[in-house]
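Participant: My questions will all concern the structure given below.
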Amino acid sequence: MTGPRGWALVTGASSGIGLELARCAGAEGYNLVLSGRNEAALADLARQIEAASGVTARPCPADLSKPGAAGDLWTRACALAEGPIHVLVNNAGLGRYGDFASDTDGDAREDELITVNIVAATELMRLAIHAMRHRGAGRVLNVASAAGFMPGPNMAVYHASKAYLLHLSEAVAEELKSTSITVTALCPGATRTAFFERAETETTWLMKLTPMPSAETVAKAGWRACMAGRSVVVTGVDNKLFTFLTRLAPRRLVTMLTGWFLRRAG
């Protein structure tokens, strides 16, 4: 490494895919602003990355479910970097399992999901691209999901939020195709992380029948695609096949099959 390549802001860096994407960025020579809810985990990761890669890594805790948190995070991240952010990794995301209208207990969680997965991701992406246009270059990596290709009974809002992020990424990537700014949507399927436990999906048929890659494998594929300027990357042969078939099969059939996979097993 001859010197830092610039700064990357990674949200949801406390664990899982976000943590591994931060390691990828550090290994590539980027200084890092690491954001997430777990301040202790961020500080520990920052120390690990600095020791392993020789870059600067600075924790920047944030709860993106709070109003105005995305704009505040961007301001603080730019201050910590003392200059421009060259790569934005929009990884922070929430999930919730359950019928859309079965009760009101999940309303607050779904409101938070929408705020994090849609509102905060959009605002950070807009702020980043405004800055990148001024500078003339940059990269955005949005962690969407294979779920974005299909409606998801029992996880309706989560699937819809990832469809939004996928479509937003593709559209903006097309708008920017004549520039040196790229937008990539990473679309993994089920991955070995704590996300599915927090989303209460660990007993579904999806989790029992689907082979799950590691967060490291998914992150490396996503980072390579981002650096190559690809607009969409679906990880895993099974996910690539299934997302391709969703474009050919009747939507009603796709929804029924997805709903079956998202049912509780047993």
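Participant: Which whole-Hz ³J(HN,Hα) couplings does segment 5-17 yield from phi under the Karplus relation 6.51 cos²θ - 1.76 cosθ + 1.60, θ = phi - 60°, glycine and proline marked x?
Facilitator: These are the phi-based 3J(HN,Hα) values: 8, x, 10, 10, 9, 10, 8, x, 8, 5, 7, x, 4 Hz.
Participant: Shifting gears a bit: What fraction, in whole percent, of alpha-carbon pairs in segment 107-174 exceed 16 Å separation?
Facilitator: 49
Participant: Work out, in µm²/s and without decimals, the Stokes-Einstein translational diffusion coefficient of segment 23-119 at 4 °C, 1.567 mPa s, Rh from Kirkwood over C-alpha pairs.
Facilitator: In µm²/s, the coefficient is 87.
Participant: Which value at 222 nm does the chain reach when only helices count, each DSSP H run of 4 or more adding -39,500 (n - 2.57), with the total divided by all residues and rounded to the nearest 500 deg cm²/dmol?
Facilitator: Theoretical 222 nm ellipticity from helices: -14500 deg cm²/dmol.
Participant: Just to compare against my own numbers: the Cα pair-distance distribution for segment 55-99, 5 Å bins, whole % per bin, please.
Facilitator: 5, 16, 27, 23, 13, 7, 4, 3, 2, 0
Participant: Beyond 25 Å, what percent of the Cα pairs of the chain remain?
Facilitator: 41
Participant: Further question on the same structure: A40 versus A79, label points 7 Å from Cα toward the beta carbon: distance in nm?
Facilitator: Result for the modelled spin labels: 2.6 nm.
Participant: A further question on this structure: Find, among the GluC sites (Glu not before Pro) in segment 1-82, those assigned to loop by DSSP (not H, G, I, E, B) with at most 14 other beta-carbon atoms within 10 angstrom.
Facilitator: E82
Participant: Continuing with the same structure: Dividing the convex hull volume of the alpha carbon atoms of segment 30-188 by its residue count, what do you get in Å³ per residue?
Facilitator: 115
Participant: So what are the ³J(HN,Hα) numbers for segment 28-40, from phi and the Karplus equation (6.51, -1.76, 1.60; θ = phi - 60°), rounded to whole Hz, Gly and Pro as x?
Facilitator: 7, x, 8, 5, 10, 10, 9, 10, x, 8, 8, 5, 5
Participant: To the nearest 20 Debye, how big is the dipole of the chain about its Cα centre, given +1 on the beta carbon of each Lys and Arg and -1 on that of each Asp and Glu?
Facilitator: Dipole about the Cα centre, nearest 20: 820 debye.
Participant: Quick one: how many lysine pairs does the chain have with C-alpha atoms less than 29 Å apart and a gap of 8 or more or different chains? Give me the count, please.
Facilitator: The number of close lysine pairs in the chain is 10.
Participant: Compute the distance in nm between two label points, each set 7 Å from the Cα along the Cα-to-Cβ direction, one at A101 and one at T179.
Facilitator: Label-label distance for A101 and T179, simple model: 4.1 nm.
Participant: Would you mind checking the tilt of helix 69-81 against the longest principal axis of the Cα atoms of the chain, expressed as 0 to 90 degrees and rounded to 10?
Facilitator: For helix 69-81, the angle is close to 30 degrees.
Participant: Separate question: Can you list the GluC sites (Glu not before Pro) in segment 85-146 that are in a DSSP coil and have 13 or fewer other beta carbons within 10 angstrom?
Facilitator: Qualifying residues, ordered by number: none.
Participant: Sorting check: for 235-244, 143-152, 163-172, which peptide has the highest mean count of neighbouring beta carbons within 10 Å, and how do the rest follow?
Facilitator: So the order, starting with the most tightly packed, is 143-152, 163-172, 235-244.
None of the figures in this text is laboratory data; all of them are computed from the coordinates on show. If you're wondering where the values come from, they're calculated on a predicted model, not measured in any experiment. Don't worry about glycine lacking a Cβ; one is built from the backbone with ideal geometry, like all the others, and counts go over all protein chains shown.
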